[in-house]
Amino acid sequence: MRRIARLLAGTALVVAAAAPASAGSGTLDVYPSTVAPGGQVTANTAACGDKGSAIGDAGAVGAGTFTLAPSAHEGEAIGQFQVPESAQPGTYEIVAKCAEGGRQVTGDLVVALSAAHEQVQPRGSMKTGVGGALGTDPVQTAAGVAALAVAAAGGTWLLHRRARGDGI
């Protein structure tokens, strides 16, 4: 029984490896997969063959149809569309239908308020309600520094007296 299972598994692997590359993947790849409203999106698929083209439909996100043309990149058909500024956050299905053979492939596009690859650097101070270490008034800043200096000098003087045994 094991011998038959091995033989069948080996045959399946040989058939899968011998399948022509033009059969392509059954998916529509969307780059970037997460985009902010107004962003540009590239869609590509190898499902239409080496010289195949397709018509893409991004109507779910409000972008309408677009054309995927054959390219030199691994026999893929590639096209672009722009996500409308009015697009709401969510996951949308993008569809492409091959011009020859009518094969249909799909891919997911996530619309977010800001794209995942964009990093926002923090600016300014934190609003904690206590105020910053350095205020905008230089007189108050100088008074605070002077108070800290007097406290440090007084503490040092008391520790020095205690160490000499003068008593407090």
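The values are calculated or read from the model by the stated rules, or taken from the named source; none is laboratory data. Everything numeric in this text was worked out from a predicted model, so none of it was measured. Here the Cβ positions follow ideal geometry from the backbone for every residue, glycine too, while neighbour counts run over all protein chains shown. SASA here: full protein model, heavy atoms, side chains in, ligands and nucleic acids out. Shrake-Rupley method; radii C 1.70, N 1.55, O 1.52, S 1.80 Å.
Miscellaneous remarks
- Gly52 more than 23 Å from the chain's Cα centre (by Cα) and surrounded by 20 or more Cβ atoms within 10 Å (Cβ to Cβ): yes
- Under the condition of being assigned to a strand (DSSP E or B) and either open to solvent by less than 50 Å² (accessible area, probe 1.4 Å) or small (Gly, Ala, Ser) (or both), the residues counted in the range 32-49 number 7.
- All positions within the range 34-49 that are under 23 Å from the mean Cα position of the chain (by Cα) and either over 13 Å from Pro70 (Cβ atoms) or touching a residue at least 40 places away in the same chain (Cβ under 8 Å) (or both): Thr34, Val35, Ala36, Pro37, Gly38, Gly39, Gln40, Val41, Thr42, Ala43, Thr45
- Every residue from the range 64-87 that is farther than 17 Å from Thr27 by Cβ, part of a loop (DSSP other than H, G, I, E, B) and touching a residue at least 24 places away in the same chain (Cβ under 8 Å): Val83, Pro84, Glu85, Ser86, Ala87
- Members of the range 50-63 that are outside any loop (DSSP other than H, G, I, E, B) and not hydrophobic (A, V, I, L, M, F, W, C): Gly56, Asp57
- Top-ranked residue of the range 88-116 - restricted to ones that are assigned to a strand (DSSP E or B), at negative phi and out of contact with any Ser or Thr (no Cβ under 9 Å at 6 or more places or on another chain), ranked as least open to solvent (accessible area, probe 1.4 Å): Tyr92
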